[in-house]
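*Asks:* Okay, handing you the structure first.
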Amino acid sequence: MANCLEITLWYPEDKFNALSTALEPAGSSVEEELGRVLTELYERLVPSEQRVEIAEKLAREEQHEAEERVRHEAETYRVSVLNDRRPGLRVP
């Protein structure tokens, strides 16, 4: 996803380990739970109009990235075919 950033937290190691252990049976992790809580905070505090604008912007960026990947893959394939000079191979 475009324009993501990493969040670093300082937290006591013993507390983190205990929390990780407590979340393990549920198949969760501290990172997953923090992501969920951040999403809840975002939805609660950021006005809905602004969330819609951001969602539309992110969708446009993801679409653009997908198109760029397809273009890059097509160009990579085209170049690899053109560079294949095996004897008897005809390149149009």
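The values are calculated or read from the model by the stated rules, or taken from the named source; none is laboratory data. A quick note: this is a predicted structure, and the numbers were derived from the prediction, not measured. So basically every Cβ, Gly included, is an ideal-geometry build from the backbone, and we count neighbours across all protein chains shown.
*Asks:* Checking TYR11 against (1) assigned to a helix (DSSP H, G or I); (2) at pLDDT 95 or above, only one condition comes out false. Which one?
*Replies:* Result: TYR11 passes all but (1).
*Asks:* Among residues belonging to region 14-59 that are among the β-branched types (Val, Ile, Thr) and part of a helix (DSSP H, G or I), point out the one that is farthest from the chain's Cα centre (by Cα).
*Replies:* The qualifying residue farthest from the chain's Cα centre (by Cα) is THR21.
*Asks:* Is it fair to say THR21 is among the polar types (S, T, N, Q), closer than 20 Å to ASN3 by Cβ and either out of contact with any helix residue (DSSP H, G or I) (no Cβ under 9 Å at 6 or more places or on another chain) or modelled with pLDDT of 95 or more (or both)? Break it down into steps so the answer makes sense when it comes.
*Replies:* Values: among the polar types (S, T, N, Q): yes; closer than 20 Å to ASN3 by Cβ: no; either out of contact with any helix residue (DSSP H, G or I) (no Cβ under 9 Å at 6 or more places or on another chain) or modelled with pLDDT of 95 or more (or both): yes.
For THR21, the condition - among the polar types (S, T, N, Q), closer than 20 Å to ASN3 by Cβ and either out of contact with any helix residue (DSSP H, G or I) (no Cβ under 9 Å at 6 or more places or on another chain) or modelled with pLDDT of 95 or more (or both) - is not met.
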